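The values are calculated or read from the model by the stated rules, or taken from the named source; none is laboratory data. These figures come from a predicted structure and were not determined experimentally. Every residue, glycine among them, receives a Cβ derived from its backbone with ideal geometry; neighbour counts consider all protein chains shown. Note: areas computed on protein heavy atoms with side chains; ligands, DNA, RNA excluded. Shrake-Rupley method; radii C 1.70, N 1.55, O 1.52, S 1.80 Å.
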Amino acid sequence: MFDQNCHLIFATNFSDACHAAIPAVARWVDQLHCRLTILHVYDPEKLLYRDAERLLNSFFAEANNYPACDRVLISGDAAEGIAAYCRKQSNALLLLPPTDQAGLPRPWHKSLRAQMLKRLDIPVWTLGRTMVGSPMPLAAGHLAVLMRTPEEGTAHLRQAARYAARTGATLHLLHVLPEIDERTLTHTIDSGAPLGLETATHWMNEMAECLEPVERLQVHIERGSLRKQLPELMHRTGADLLIANRESFVAPGWLGPSISRAFRSLRTGILAIPHTPASSSNPDLQRAVSAVIS
Amino acid sequence: MIVTDRIPLKRIWPFAWKRLLVLLIFDCTVAVIYSVLGYHKISLNGLPVAPLASALTIFLAFRTNAAYGRWWEARQLWGSLVNTSRALARQFLTMIDDDGEGETLRRNLMLHMIAFPHALRCHLRKQTPFPELETVLGKEQAAHLRGYNNVPAALLVHMGNLLRRAKQLDLVDSYRWVAMDENMTTLANIQGACERIKNTPLPRQFDYLPRILVDVFCWLLPLAIVDDLGLMTPIASTLISFTFIAADLMSREIANPFENTIHDTPMTALSRTIELNLREQMRLDERPLQAPSRSLGDVQPVEGFVF
């Protein structure tokens with residue numbers, strides 16, 4: 001994914017969150033030297049084509065000076081339009097910022113990002129949380145990857161290592177152990193994830209050894225709720241991008257899939273990578289993972 | 001920059017709702033304790049709310065003026081950048097002779113001049129300028145600039161070197177060289193002034209004290225008016241509190257004009273204007289220069305905001 005053949009698709013509704021994401025998108029384009037498509041899906045009942053086109057051409061205007069940038073306007077339903085366009089592209093990375101946080105509860109809100117993550121088998125980059133009018137914090141040189149369970153595969157871990165090796169960033173492997181309570185006994189039924197600190201440390205270190213060599217690698221393990229520990233870990237590492245498995249990013253909701261609460265409060269970029277078959281992964285890495293499961 | 005007449009409530013609401021909700025609960029509690037439970041000692045009827053509000057208004061006005069001063073200075077600096085860029089481009093086109101390397105030097109100087117506003121905008125917004133610079137200046141030049149932390153300053157140095165080369169080749173005389181160098185110094189001064197605004201926040205006392213005073217005032221207000229308004233206290237108190245909180249928030253937001261928000265100086269639109277003007281000058285000059293043709297248009301407002 002992290003190569004010049006990658007195709008960045010920046011889906012926008014011209015919200016403040018989309019504007020706030022522009023520096024991060026520019027950095028993706030600069031690092032990967034790849035093609036950028038700015039995609040807008042408009043509702044033809046609310047907006048004329050020429051007005052939608054005018055808005056699209058003025059949004060992220062500096063991208064017209066980028067080496068390979070095009071703008072695509074589609075009419076219809078946003079989720080359908082984005083999904084249909086992305087399916088036609090190969091080696092695509094979808095950049096999809098969140099909607100603006102108005103501060104009001106949205107009980108009937110259906111998450112477009114969660115729908116896209118469920119529908120598409122491509123990596124999706126997004127932001128945890130943006131406030132209208134607030135600039136997005138931008139750091140550089142630190143990259144975090146969240147390992148939750150051995151079952152989630154290693155695709156995101158390999159991509160993170162490749163990206164860190166390419167950019168010279170420090171790679172932080174994050175793992176949060178579950179709290180010890182009455183649910184602990186049933187935990188092993190659902191997952192082969194380690195419950196003790198020593199096992200988790202051993203697991204993480206084994207995986208670290210099997211990765212593509214990176215300049216600096218650090219392992220961080222904490223115990224507690226993921227929702228509380230993840231923002232603290234991200235703050236401590238100073239990472240501006242978290243790479244996670246797609247399945248851990250989406251939680252089932254009563255109105256459809258939604259973004260897991262643990263990720264919603266993060267103010268960094270999040271890259272959700274879909275699970276790929278184990279056969280395509282690094283065999284050493286796969287052995288390290290299966291050792292824990294067994 | 002906001003160009004629409006109407007500012008939607010959602011611009012203020014995310015920052016104000018928590019404070020307002022807490023105050024509304026407090027106001028309701030005060031009204032119930034006073035009017036329903038009959039505990040009248042809670043009323044501070046003698047509290048001089050009006051003079052307090054006047055004092056607070058002076059504080060807020062002072063801060064708003066200071067914030068607006070920063071915002072307006074930023075806009076003036078970018079206006080000055082537009083003018084200086086055009087003037088300098090005219091000098092490059094008309095004052096450098098054509099002999100030998102003249103045309104190449106003129107073209108390079110013009111492209112550097114086009115690149116400068118883009119680089120300065122990205123520098124102020126902490127955005128990478130290199131994808132744009134690769135297109136404007138070429139991959140080789142852009143790669144060379146990657147070694148610099150301050151890319152716009154490096155561009156000025158490059159332009160100075162190109163001018164020096166023109167002087168060595170006798171393509172400009174000393175008078176013309178001095179005239180062009182003065183305008184390049186103006187560019188450096190504009191950059192320095194923008195960096196000063198970006199890196200020097202409003203004095204913390206200006207920012208912190210009004211916020212604390214607004215909070216104190218909003219908490220005292222229901223205690224002072226409950227005697228007169230009774231159960232209507234929450235409505236009046238919340239509305240008055242909202243006015244002060246909104247004034248407090250809005251003045252804080254315009255204090256930082258280079259943060260990639262809706263309150264920014266419209267640097268993307270202005271740098272596009274400069275590029276369009278300069279490319280037009282290159283094309284329509286008596287001695288037209290070859291430049292990569294790009295289909296660029298003016299940047300229009302997007303949903304009422306120009307960036």
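Note on the stretch A:130-154: among residues that are open to solvent by less than 10 Å² (accessible area, probe 1.4 Å) and not in a loop (DSSP other than H, G, I, E, B), the one that is modelled with the lowest pLDDT is A:P150.
From the set of residues in the stretch A:215-229 that are outside any helix (DSSP H, G or I) and of a type outside the set (A, V, I, L, M), which is least open to solvent (accessible area, probe 1.4 Å)? Break it down into steps so the answer makes sense when it comes.
Of all residues in the stretch A:215-229, those outside any helix (DSSP H, G or I) come to A:215-225.
Within this subset, residues satisfying the condition of being of a type outside the set (A, V, I, L, M) are A:215-216, A:218, A:220, A:222-225.
Numbers: A:E215: 133, A:R216: 107, A:Q218: 84, A:H220: 26, A:E222: 53, A:R223: 94, A:G224: 10, A:S225: 42 Å².
Across the stretch A:215-229, the extreme among qualifying residues is A:G224.
Mind checking whether some residue in the stretch B:89-104 is among the aliphatic types (A, V, I, L, M) and in a loop (DSSP other than H, G, I, E, B)? Yes, the stretch B:89-104 contains at least one residue that is among the aliphatic types (A, V, I, L, M) and in a loop (DSSP other than H, G, I, E, B).
Considering the stretch A:9-55, the residues that are under 18 Å from the mean Cα position of the chain (by Cα) and aromatic (F, W, Y) include one that is nearest to A:C86 (Cα to Cα), namely A:F10.
Residues B:A89, B:A115: which one is within 14 Å of another protein chain (Cβ to nearest Cβ), of a type in the set (A, V, I, L, M, F, W, C) and over 15 Å from the mean Cα position of the chain (by Cα)? Steps first, answer last, please.
On the way: B:A89 fails: within 14 Å of another protein chain (Cβ to nearest Cβ).
The match here is B:A115.
The single condition from (1) surrounded by fewer than 17 Cβ atoms within 10 Å (Cβ to Cβ); (2) more than 26 Å from the chain's Cα centre (by Cα); (3) within 14 Å of another protein chain (Cβ to nearest Cβ) that B:R19 fails is (1). Somewhere in the stretch A:34-43, is a residue under 29 Å from B:A143 (Cα atoms), without any contact (Cβ under 8 Å) to a residue 24 or more places away in the chain, within 11 Å of chain B (Cβ to nearest Cβ) and of a type in the set (A, V, I, L, M, F, W, C)? No.
Taking helices (runs of 4 or more DSSP H) as the structural unit, those lying wholly within the stretch A:1-109 and holding at least 2 residues that are within 21 Å of B:P266 (Cβ to Cβ) and open to solvent by less than 50 Å² (accessible area, probe 1.4 Å) correspond to A:16-20, A:22-32, A:49-58.
Regarding B:S54, is this residue touching an Asp or Glu at 6+ places or on another chain (Cβ under 6 Å) and of a type in the set (S, T, N, Q)? Lay out the reasoning, then the answer.
Working: touching an Asp or Glu at 6+ places or on another chain (Cβ under 6 Å): no; of a type in the set (S, T, N, Q): yes.
Against the criterion (touching an Asp or Glu at 6+ places or on another chain (Cβ under 6 Å) and of a type in the set (S, T, N, Q)), B:S54 does not qualify.
With respect to the conditions (1) in contact with a strand residue (DSSP E or B) (Cβ under 9 Å, 6 or more places away or on another chain); (2) within 13 Å of another protein chain (Cβ to nearest Cβ), A:Q31 falls short on a single one, namely (1).
Taking the listed residues B:S271, B:S241, the one that is under 30 Å from A:A52 (Cβ atoms) and touching an Asp or Glu at 6+ places or on another chain (Cβ under 9 Å) is B:S271, with no other qualifying. Here B:A154 fulfils each of the conditions (1) open to solvent by 40 Å² or more (accessible area, probe 1.4 Å); (2) assigned to a helix (DSSP H, G or I) apart from (1). For B:E101, the test of being open to solvent by 40 Å² or more (accessible area, probe 1.4 Å), farther than 30 Å from A:P23 by Cβ and in contact with a helix residue (DSSP H, G or I) (Cβ under 8 Å, 6 or more places away or on another chain) is passed.
Of the set (1) within 12 Å of chain A (Cβ to nearest Cβ); (2) within 19 Å of B:Q191 (Cβ to Cβ); (3) not polar (S, T, N, Q), all apply to B:A153 but (1). If the condition is being open to solvent by 50 Å² or more (accessible area, probe 1.4 Å) and touching a residue at least 40 places away in the same chain (Cβ under 8 Å), then the stretch B:65-91 contributes B:Y68, B:E73, B:R75, B:R86, B:R90. Scanning the stretch B:129-148 for residues that are within 12 Å of chain A (Cβ to nearest Cβ), open to solvent by 20 Å² or more (accessible area, probe 1.4 Å), at negative phi and part of a loop (DSSP other than H, G, I, E, B) gives a single hit, B:R146.
Checking each residue in the stretch A:16-41 for being touching a Ser or Thr at 6+ places or on another chain (Cβ under 6 Å) and either more than 20 Å from B:P129 (Cα to Cα) or of a type in the set (K, R) (or both) picks out A:A17, A:R27, A:H40. Screening A:R236 against (1) open to solvent by less than 80 Å² (accessible area, probe 1.4 Å); (2) at pLDDT 85 or above; (3) within 28 Å of A:R27 (Cα to Cα) leaves a single unmet condition, (1).
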